[in-house]
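Take a look at the structure set out below.
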Amino acid sequence: MNKFSDLIRKQDAVKDRSILSLFDNGNRGADFSAQAGDILFDFSKTNIDFDAMNALLALIETSDVAARRDAMFAGDKINETEGRAVLHTALRNVDGGAVMMDGKDVMPAILETLKRMGDFADKIRAGTITDVVNIGIGGSDLGPAMVVQALSPYHDGPRCHFVSNVDGAHIADTLRGLDAKTTLVIVASKTFTTIETMTNARTARAWMLDHGGDPARQFVALSTAQEKTDDFGIDPSQVFGFEDWVGGRYSVWGPIGLSLMIAIGPRAFHAFLRGAQSMDRHFCAAAPHENMPMLLALVGIWHNQICGYATRAVLPYDQRLGQLPDYLQQLEMESNGKSTQMDGTTAPFNTGPVVWGAPGTNGQHAFYQLIHQGTRVIPCEFMIAANGHEPELAHHHKLLIANCLAQSEALMRGRSLQEASQMMAAKGLTGAELDRQARHRVFPGNRPSTTLSYPWLDPFTLGQIIALYEHRVFVEGVILGINSYDQWGVELGKELATSLQPIVEGSEPAVGKDGSTMALLDFIAKHAD
Ligand code: F6P
């Protein structure tokens, strides 16, 4: 018995029912969708009915989601394993009131940093810098890289590049062809200790010195750790700080978003923040049955914990959201990929799902085969704008929309053996061969999907969408009893890499390692130059 047992029983009773048949009565499209501002979330192509919905909504009550949400916005230290508040929402509270943390209003410092960022971005945009290289990893890379690509139609500043991997190929390929005299390097690291980022930052500095650039003028740091940025030699006037109550994967709204601000300008960046702020307001004010982040979370819980589908595909029909699946992968998997609940007990159910995806229509020609006919059910989360940014190519966008809607319809509708047999008969096949060929053309259908639609991917809308997913992850985490804001699971690998480094370099003997690691070290040593 666990908190999902009742829902699992309900689901079991209806699991073979046709989703399509749920549209026979009433107005399911409207009843199983929600709107927040201009964004529509349609979850009618799922097997959730009113009974299931009420039971899911009850989870919001029984899990105290509203109280946890209010505690988060109020600056309580809800990240209990790190003893920290969770206040990335304050970074976008651009025209809101005070936000108190430990009895102090955090807004003046946030607004001052935002103003400094704006002045700096304006200076860079008006100056001689042609290229910006953001060096960071995880949240210090995925967020800014994703939003810069997403908002490329608004990009009127210097070119932006992103280096994350410690693999020297990444920085070498990025710096090749850049002019060190007109390149700005942004070292983005909350902790300023991350080995990949610090290694790349030192390499970039050496490159700049070797090629006539001036790191004192052309290096910027985004970090919570000013002593460490000082040690690295970055002038405090070129450091944009934030507090430890902003989690790395939630940090794009503040200094970590500097590359975006330089790319699109402070005014458009403010629109991005205002979009997120409007989603925050919706999340705090809307009743659960109309609350988009809560509904998105409940659909996630339904598919993952209730139906047992282990993965979730994010499928933006928006080429510029090409990096959103990677971004959401960190947001969701680093936040809710945990086994220990807040009270220290082991979760008696599966927790966060595997998140993956790629933009449509590309994915259609790669992995949709499995989504349609494979043995596993994969809930699909489609996204589509009503308009593209290329009016002269409107026919492309109409095709994109048609494909997006066709996929969710095909997943739900499927194709029966009878329909497939008729198709084969029309081609002149008969008997056993008709039957054999028809079976390959059957689509089981009844595969669930949701669709998020919005008029236009502008800065405001992108802000809304990211904040929507952040809150979705939070609500899922609360229901799962998980602290979504720590990430202890990344520590062990980092520790072992540190202990392996001198062994790989040959300055220490390999002792205490398992047989597989020893054999791999041996093979690599034999084949290294
Ligand atoms: O992978 C762990 C992690 O701490 C992420 O949570 C974070 O986004 C990333 O590393 C980068 O950290 P930092 O910004 O401190 O360099």
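The values are calculated or read from the model by the stated rules, or taken from the named source; none is laboratory data. Note that the structure is a prediction, hence the values are computed from the model and not measured. We place every Cβ from the backbone using ideal geometry, glycine too, and count neighbours over all the protein chains shown. Side chains are part of the model used for accessible areas, which takes the heavy atoms of the whole protein and leaves out ligands, DNA and RNA. Shrake-Rupley method; radii C 1.70, N 1.55, O 1.52, S 1.80 Å.
This table checks each residue for (1) more than 16 Å from the ligand (Cβ to nearest atom); (2) free of Cβ contacts under 8 Å to residues at least 12 places away in the same chain; (3) open to solvent by less than 20 Å² (accessible area, probe 1.4 Å); (4) outside the structural domain of Leu209 (by TED's automatic domain parsing).
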| residue | (1), (2), (3), (4) |
| --- | --- |
| Lys104 | yes, yes, no, no |
| Asp141 | no, no, yes, no |
| Val147 | no, no, yes, no |
| Phe162 | no, no, no, no |
| Ala180 | yes, no, yes, no |
Exercise. Is it fair to say Leu429 is open to solvent by 30 Å² or more (accessible area, probe 1.4 Å), of a type in the set (A, V, I, L, M), out of contact with any Gly (no Cβ under 9 Å at 6 or more places or on another chain) and on the phi < 0 side of the Ramachandran plot?
Worked result: yes
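Residues are listed down the side, and each one gets a yes or a no for (1) open to solvent by 40 Å² or more (accessible area, probe 1.4 Å); (2) without any contact (Cβ under 8 Å) to a residue 40 or more places away in the chain; (3) within 16 Å of the ligand (Cβ to nearest atom):
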residue: Gln277; (1), (2), (3): no, no, no
residue: Ala285; (1), (2), (3): yes, yes, no
residue: Met292; (1), (2), (3): no, no, no
residue: Asn304; (1), (2), (3): no, no, no
residue: Ala313; (1), (2), (3): no, no, no
residue: Gln341; (1), (2), (3): no, no, no
residue: Pro359; (1), (2), (3): no, no, no
residue: Tyr368; (1), (2), (3): no, yes, no
residue: Glu381; (1), (2), (3): no, no, no
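So how many residues does region 276-290 have that are under 15 Å from Ile465 (Cα atoms) and out of contact with any Ser or Thr (no Cβ under 6 Å at 6 or more places or on another chain)? Walk me through it before giving the result.
Going through region 276-290, the residues under 15 Å from Ile465 (Cα atoms) turn out to be 276-283.
From what is left, the residues that are out of contact with any Ser or Thr (no Cβ under 6 Å at 6 or more places or on another chain) are 276-279, 281-283.
Here the count works out to 7.
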Exercise. When both residues are 6+ apart or on different chains and their Cβ atoms are under 7 Å apart, which pairs have a first residue that lies in region 194-211 and is under 27 Å from Glu495 (Cα atoms), and a second that is away from the ligand (no atom under 16 Å from the Cβ) and open to solvent by 100 Å² or more (accessible area, probe 1.4 Å)?
Worked result: none
Problem set entry | Enumeration of residues in region 20-48 that are on the phi < 0 side of the Ramachandran plot and more than 28 Å from the chain's Cα centre (by Cα) | Leu20, Ser21, Leu22, Phe23, Asp24, Asn25, Asn27, Arg28
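Somewhere in region 231-239, is a residue away from the ligand (no atom under 16 Å from the Cβ), assigned by TED's automatic domain parsing to the domain that holds Ala55 and open to solvent by 10 Å² or more (accessible area, probe 1.4 Å)?
To start, the set of residues in region 231-239 that are away from the ligand (no atom under 16 Å from the Cβ) comprises 233, 235-238.
From what's left, assigned by TED's automatic domain parsing to the domain that holds Ala55: none.
Checked against the condition, which is being away from the ligand (no atom under 16 Å from the Cβ), assigned by TED's automatic domain parsing to the domain that holds Ala55 and open to solvent by 10 Å² or more (accessible area, probe 1.4 Å), region 231-239 yields no hits at all.
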For this session: Would you mind telling me which numbered condition in (1) part of a helix (DSSP H, G or I); (2) more than 22 Å from the chain's Cα centre (by Cα); (3) buried (at least 16 other Cβ atoms within 10 Å of the Cβ); (4) not assigned by TED's automatic domain parsing to the domain that holds Gln464 Met53 fails?
Result: (4)
Exercise. Looking at region 414-444, which of its residues are in contact (Cβ under 8 Å) with a residue 24 or more places away in the chain and out of contact with any Ser or Thr (no Cβ under 8 Å at 6 or more places or on another chain)?
Worked result: Gly414, Arg415, Ser416, Leu417, Arg441, Phe443, Pro444
For this session: Output the residue which, of all residues in region 240-253 that are open to solvent by less than 20 Å² (accessible area, probe 1.4 Å) and under 13 Å from the mean Cα position of the chain (by Cα), is nearest to the ligand (Cβ to nearest atom).
Result: Arg249
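For region 463-484, what are the residues that are small (Gly, Ala, Ser) and in a helix (DSSP H, G or I)?
Selection gives Gly463, Ala467, Gly477.
With respect to Ile378, determine if the residue is touching a strand residue (DSSP E or B) at 6+ places or on another chain (Cβ under 9 Å) and under 26 Å from Leu151 (Cα atoms).
Working: touching a strand residue (DSSP E or B) at 6+ places or on another chain (Cβ under 9 Å): yes; under 26 Å from Leu151 (Cα atoms): no.
Against the criterion (touching a strand residue (DSSP E or B) at 6+ places or on another chain (Cβ under 9 Å) and under 26 Å from Leu151 (Cα atoms)), Ile378 does not qualify.
Considering region 432-462 alone, what residues qualify as being in a helix (DSSP H, G or I) and open to solvent by 40 Å² or more (accessible area, probe 1.4 Å)? Quick ask: steps written out before the conclusion?
Within region 432-462, the subset in a helix (DSSP H, G or I) is 432-440, 459-462.
Across region 432-462, the qualifying residues are Ala432, Glu433, Asp435, Arg436, Gln437, Arg439, His440, Phe460.
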